[in-house]
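A.B. asks: So that we are looking at the same thing, I have put the structure below in structure tokens.
The values are calculated or read from the model by the stated rules, or taken from the named source; none is laboratory data. Quick caveat: nothing in here was measured; it's all calculated off a predicted structure. Glycine also receives a Cβ, built like all others from the backbone with ideal geometry; neighbour counts cover every protein chain displayed. Side chains included, ligands, DNA and RNA excluded: accessible areas come from the protein's heavy atoms. Shrake-Rupley method; radii C 1.70, N 1.55, O 1.52, S 1.80 Å.
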Amino acid sequence: MKTWNVPSAPCWADLSAADPRAAAAFYERLFGWELGAVPGLDGYRAFLSEGEPVGGLGPRRPGRRPSVWRPYFVAGPDGAGESPAERVALARGKVLGEPVEVPGVCRATLCADSSGAVFGLWEPDGHQGFGRVNAPGSPAWLDLATTDPDGSRGFYTEVFGWQARRRAAPGAGFPYTEWSLGGQPFGGMTPITEAFPAGTVPRWLVYVAVRDCDAAAARGARLGANVLLPPTTIEPGRFSVLADPQGAMFAVIALAREETGEGRPATGGERAAAIMG
């Protein structure tokens, strides 16, 4: 993930869990994450890696979807009199509730894209989001699985201005779309096919960087996770898809080569350069 924490880019991911305490214990043992407080938001904690925030953890609301990881993208500036949430609605998405305002942190709004995949809009208010990416124990990539690739491509292009580039997925039998901003890739999109487990619904998948994919997948299995896709080698590295003991899907990836910045937060100038090319 070569760009983050700038307008329209990924900036956060959180886990909505039926049992947050058990979830915290699982990810602590898997990635070595610790928990940190989020002032002004009861029941919500931050996952920390090497002292830097790499995601969040909160309780799943009764009657809502099963435990799930959700990505957040920085809401771009209002344009043509439209707020970011209004752009979601105009692009045939849905705003799923009122914004949650956390003074000194952010204003966050959960949404669903035109195919139903859930994500969040993040308007910073003193909290930049991810403190590190690409380093072991931190986010490294995002993938969207969708039943409507053409519609999803149009949705995210309209709402965030992402560039979409089709790429071949060797051995997969279907095209892969790479998302980028200013030529800097941060995620991708795959169509949901018969190769996916029955009942798969559109959703985002968060990848966490690890030093050894095989060891991480095996450790996850010992801790009660379900290995949905065994370790597999692709051009960016070796990855595996898991579902944690409460059913939330995520992926681990051992990157084949280090990304620029080696996992530290980019400076303001570096972020601007990443977007402007």
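A.B. asks: Here are Arg222, Arg203: which of them is among the basic types (Lys, Arg) and buried (at least 17 other Cβ atoms within 10 Å of the Cβ)? Show your work before the answer.
C.D. replies: On the way: Arg222 fails: buried (at least 17 other Cβ atoms within 10 Å of the Cβ).
Residue meeting the stated conditions: Arg203.
A.B. asks: Of (1) aliphatic (A, V, I, L, M); (2) surrounded by 15 or more Cβ atoms within 10 Å (Cβ to Cβ); (3) out of contact with any strand residue (DSSP E or B) (no Cβ under 6 Å at 6 or more places or on another chain), Ala37 satisfies all except one. Which?
C.D. replies: The one condition Ala37 does not meet is (2).
A.B. asks: Let me ask something else. Test of understanding: among Pro71, Pro7, which residue is closer than 30 Å to Pro185 by Cβ, touching a Pro at 6+ places or on another chain (Cβ under 9 Å), open to solvent by 10 Å² or more (accessible area, probe 1.4 Å) and not in a helix (DSSP H, G or I)?
C.D. replies: Pro7
A.B. asks: Name the residues in segment 74-100 that are open to solvent by 40 Å² or more (accessible area, probe 1.4 Å), in contact (Cβ under 8 Å) with a residue 12 or more places away in the chain and of a type in the set (D, E, K, R), would you?
C.D. replies: Arg92, Lys94
A.B. asks: List the strands (runs of 3 or more DSSP E) inside segment 109-179, counting only whole elements, that have at least 2 residues being buried (at least 20 other Cβ atoms within 10 Å of the Cβ) and within 14 Å of the chain's Cα centre (by Cα).
C.D. replies: 118-124, 139-146
A.B. asks: Please go through segment 243-257 and give me each residue that is under 22 Å from Glu50 (Cβ atoms), in a strand (DSSP E or B) and open to solvent by less than 40 Å² (accessible area, probe 1.4 Å), ordered by number.
C.D. replies: Phe250, Ala251, Val252, Ile253, Ala254
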